[in-house]
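K.L.:
One structure coming up, written as structure tokens, with questions to follow.
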Amino acid sequence: MVKVAVLDYGIGNLRSAQKAFEISGAEARLTADKDLVLASDGVVLPGVGNFGKCAKALTDSGVRELALLAVENGIPFLGICVGMQLLYETSDESPAAQGLGLFSGKVKMLENAPRVPQMQWNQIQLQDDSPLLRGLEDEWFYFVHSYAAEQNHLESTTIATCTYGSSVIAAVQKGLIFGTQFHPEKSGKAGRLLLQNFLKICERPE
Amino acid sequence: MSFVIYPAIDLIDGKCVRLYQGDYAKETIYEDDPISQALEFESDGAKWIHLVDLDAARTGSLKNTKVIKGICEKLSIPVQVGGGIRSSDTAKLLYDMGVERTVIGTAAVEDPELVLQIAKHGHRVAVGVDGKDGYVATRGWKVTTDLKVVDLLKRFESSGAEVGIVTEIKRDGTMEGSDLEGLTQILGDVNIPVIASGGLGSIKDFYDLVGLQVNGSKLAGVITGRALYEKCLDLRELISITEDPEHVELKHD
């Protein structure tokens, strides 16, 4: 069974991510233990609420270094919602806070949005062939967010977008680092398929 | 924003029931246990589940938490819960169980600050406005007030409530169609997204709701229970209609 570590850094309700991985057939642990995390086949960074608070919690809990170490060791890594935003350097939501800086660029307030936050199910459009999104063209996912990654013209990491006023980055990939702005753990069947895709990546790193 | 279908599970004593026009003496108990019912809705493609703790709606204290928690644990779609939520502590209890959105009914009338308070904590909250002939009813629909549904919804336009859920009691559980007249007035007068509840019985009723439009504003969704349980409507078919806008345009005159 694929072992997934859901990083526990003392913010909000992280249970739903762990539970969704269990339903998808993984052995999922909510943990911040270094040995457990580095011995796992995949690492998940969930996130809810405010970028600055999450960034601070990352530092305070020691999970920041652990996350970077997991990536360095080549363990497939998935950031969800604010967890995806934390892959970037900074966010306009909390300009003083530092993300993990694994992706270059920053996170910005949604532009031209009919309402902020975007709180709804929305359809994604695939922008690149990614093992994470196999079989998920035009599928519907559950979004709750006011900020999103800025289009980066130097580095192409976008694997899916959705339309909300304008085009919004919905999912990203760089090597074995993945991020989804939406919540696969709350996106029913499509979400489960995405998590299963991630588990396959964890089984056989490409 | 697409039109969302909220399959409803109404709970009394841990069981899945439907009432007729809100009358507790006219309940139908459906056999499936609520958790497997919720899982069936999810596997049919539901994007949300709407739960009502009918015991709590009447008494003001939650009675079906075990089932609600079980549904949140087993499902991977957002769940909203209404019925008897009259304090922020009760709401917090539900959010901690994994509930995505609470629906505040009676308390929204009697203690409007509560909605603001819950929303301020960053939680998703809806106002549940139940009406009889256009006037607000509270306390498990036992009390009708002299407050108009439209006026109550207006109060919440900038309260942090993201959506109003409007139930016409005379239609609820009847499958005789929604109160289109009332909904038309609400869409025209009120500046908050509205989910309609009560009365859906046929595919025509459904198209009526999806197609309803007043000055460019449309319904955000519908809550439906009995029509699904009685197999008058097929959830998968309804969902496929909402996911294909062209289909909606074609079928609706």
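The values are calculated or read from the model by the stated rules, or taken from the named source; none is laboratory data. Predicted model only: the values in this text are computed from it and were never measured. All Cβ positions, glycine included, derive from the backbone under ideal geometry; neighbour counts span all protein chains shown. When the accessible area is computed, the model is the full protein with side chains, heavy atoms only, and any ligands, DNA or RNA have been set aside. Shrake-Rupley method; radii C 1.70, N 1.55, O 1.52, S 1.80 Å.
K.L.:
So, in the range B:1-23, exactly how many residues are of a type outside the set (Lys, Arg), in a strand (DSSP E or B) and either open to solvent by less than 30 Å² (accessible area, probe 1.4 Å) or within 14 Å of another protein chain (Cβ to nearest Cβ) (or both)? Lay out the reasoning, then the answer.
P.N.:
Start the filter on the range B:1-23 by keeping residues that are of a type outside the set (Lys, Arg), which leaves B:1-14, B:16-17, B:19-23.
Filter once more, so that each one left must be in a strand (DSSP E or B): B:4-12, B:16-17, B:19-20, B:23.
Adding the requirement that they be either open to solvent by less than 30 Å² (accessible area, probe 1.4 Å) or within 14 Å of another protein chain (Cβ to nearest Cβ) (or both) leaves B:4-12, B:16-17, B:19.
Result for the range B:1-23: 12.
K.L.:
Considering only residues that are away from chain A (no Cβ under 14 Å), among the hydrophobic types (A, V, I, L, M, F, W, C) and under 22 Å from A:Arg192 (Cβ atoms), which ones fall in the range B:33-78?
P.N.:
Within the range B:33-78, the subset away from chain A (no Cβ under 14 Å) is B:33-34, B:36-37, B:50-68.
Those left that are additionally among the hydrophobic types (A, V, I, L, M, F, W, C): B:51-52, B:54, B:56-57, B:62, B:67-68.
Within the range B:33-78, B:Leu51, B:Ile68 meet the criteria.
K.L.:
What are the residues in the range A:81-91 that are open to solvent by 10 Å² or more (accessible area, probe 1.4 Å) and assigned to a helix (DSSP H, G or I), if any? Walk me through it before giving the result.
P.N.:
Filtering the range A:81-91 for residues open to solvent by 10 Å² or more (accessible area, probe 1.4 Å) gives A:89-90.
Listed by number, the list is empty, since nothing qualifies.
K.L.:
If you check every pair at least six apart or on different chains, which have Cβ atoms under 8 Å apart with a residue in the range B:88-102 that is at negative phi first and a residue that is of a type in the set (Lys, Arg) second?
P.N.:
B:Met97/B:Lys69; B:Glu100/A:Lys186; B:Glu100/B:Arg124; B:Arg101/B:Arg124; B:Thr102/B:Arg124
K.L.:
Further question: Name the pairs: first residue in the range B:51-80 and at positive phi, second residue outside any helix (DSSP H, G or I), Cβ to Cβ under 7 Å, at least 6 apart or on different chains?
P.N.:
From the range B:51-80, the pairs are B:Gly60/B:Gly84; B:Gly60/B:Arg86.
K.L.:
Right, next: For the range B:198-212, indicate whether the set of residues that are in contact with an Asp or Glu (Cβ under 7 Å, 6 or more places away or on another chain) and closer than 17 Å to B:Gly82 by Cβ is non-empty. Step through it out loud before you land on a result.
P.N.:
The initial filter retains those residues of the range B:198-212 that are in contact with an Asp or Glu (Cβ under 7 Å, 6 or more places away or on another chain), namely B:198-199, B:201.
Now drop any that are not closer than 17 Å to B:Gly82 by Cβ, which leaves B:198.
Looking for residues that are in contact with an Asp or Glu (Cβ under 7 Å, 6 or more places away or on another chain) and closer than 17 Å to B:Gly82 by Cβ, one finds at least one in the range B:198-212, hence yes.
K.L.:
Can you say whether B:Val190 is within 30 Å of B:Cys232 (Cβ to Cβ), touching a Lys or Arg at 6+ places or on another chain (Cβ under 9 Å) and among the β-branched types (Val, Ile, Thr), as far as the supplied structure shows? Full working, then the answer.
P.N.:
Numbers: within 30 Å of B:Cys232 (Cβ to Cβ): yes; touching a Lys or Arg at 6+ places or on another chain (Cβ under 9 Å): yes; among the β-branched types (Val, Ile, Thr): yes.
Against the criterion (within 30 Å of B:Cys232 (Cβ to Cβ), touching a Lys or Arg at 6+ places or on another chain (Cβ under 9 Å) and among the β-branched types (Val, Ile, Thr)), B:Val190 qualifies.
K.L.:
Moving on to the next point. Among the strands (runs of 3 or more DSSP E) confined wholly to the range B:106-219, which include 2 or more residues that are over 23 Å from B:Lys26 (Cα atoms)?
P.N.:
Details: elements: B:124-132, B:135-138, B:143-148, B:163-168, B:194-197.
By residue number, B:124-132, B:143-148, B:163-168, B:194-197.
K.L.:
Looking only at helices (runs of 4 or more DSSP H) that fall completely inside the range A:10-80, which ones have 2 or more residues that are farther than 28 Å from B:Lys69 by Cβ, among the aliphatic types (A, V, I, L, M) and over 15 Å from the mean Cα position of the chain (by Cα)?
P.N.:
Working: elements: A:15-23, A:34-38, A:51-61, A:63-72.
Here the list reads A:34-38, A:63-72.
K.L.:
So is A:His153 of a type outside the set (A, V, I, L, M, F, W, C) and modelled with pLDDT under 95 or not? Full working, then the answer.
P.N.:
Numbers: of a type outside the set (A, V, I, L, M, F, W, C): yes; modelled with pLDDT under 95: yes.
Judged against the criteria, A:His153 is a match.
K.L.:
Okay, next question. Only one of these conditions is not met by B:Ala56: (1) open to solvent by less than 10 Å² (accessible area, probe 1.4 Å); (2) closer than 19 Å to B:Asp13 by Cβ; (3) modelled with pLDDT of 95 or more; (4) of a type outside the set (D, E, K, R). Which number is it?
P.N.:
(3)
K.L.:
Could you tell me which residue of the range A:163-200 is surrounded by the fewest Cβ atoms within 10 Å (Cβ to Cβ), considering only residues that are within 12 Å of another protein chain (Cβ to nearest Cβ) and part of a strand (DSSP E or B)?
P.N.:
If we take residues in the range A:163-200 being within 12 Å of another protein chain (Cβ to nearest Cβ) and part of a strand (DSSP E or B), then A:Thr163 is surrounded by the fewest Cβ atoms within 10 Å (Cβ to Cβ).
K.L.:
Sticking with this structure for a sec: Considering only residues that are of a type in the set (A, V, I, L, M, F, W, C), more than 9 Å from every other protein chain (Cβ to nearest Cβ) and closer than 25 Å to B:Lys92 by Cα, which ones fall in the range A:1-20?
P.N.:
Filtering the range A:1-20 down to residues of a type in the set (A, V, I, L, M, F, W, C) leaves A:1-2, A:4-7, A:11, A:14, A:17, A:20.
Next cut, more than 9 Å from every other protein chain (Cβ to nearest Cβ) only: A:1-2, A:4-7, A:11, A:14, A:17.
A:Val6, A:Leu7, A:Ile11, A:Leu14, A:Ala17 - these are the residues of the range A:1-20 that are of a type in the set (A, V, I, L, M, F, W, C), more than 9 Å from every other protein chain (Cβ to nearest Cβ) and closer than 25 Å to B:Lys92 by Cα.
K.L.:
For the range A:92-105: of the residues being surrounded by 16 or more Cβ atoms within 10 Å (Cβ to Cβ) and over 15 Å from the mean Cα position of the chain (by Cα), which is nearest to A:Ser187 (Cα to Cα)? Steps first, answer last, please.
P.N.:
Initially, the range A:92-105 is screened for residues surrounded by 16 or more Cβ atoms within 10 Å (Cβ to Cβ), giving A:93-94, A:97-100, A:102-103, A:105.
Imposing the further condition that a residue be over 15 Å from the mean Cα position of the chain (by Cα) reduces the set to A:93-94, A:97-98, A:105.
Values: A:Glu93: 25, A:Ser94: 28, A:Ala97: 29, A:Gln98: 29, A:Gly105: 27 Å.
That would be A:Glu93.
K.L.:
Additional query: Does A:Ala57 satisfy the condition of being in contact with a strand residue (DSSP E or B) (Cβ under 9 Å, 6 or more places away or on another chain) and open to solvent by less than 20 Å² (accessible area, probe 1.4 Å)? Break it down stepwise before answering.
P.N.:
On the way: in contact with a strand residue (DSSP E or B) (Cβ under 9 Å, 6 or more places away or on another chain): no; open to solvent by less than 20 Å² (accessible area, probe 1.4 Å): yes.
Against the criterion (in contact with a strand residue (DSSP E or B) (Cβ under 9 Å, 6 or more places away or on another chain) and open to solvent by less than 20 Å² (accessible area, probe 1.4 Å)), A:Ala57 does not qualify.
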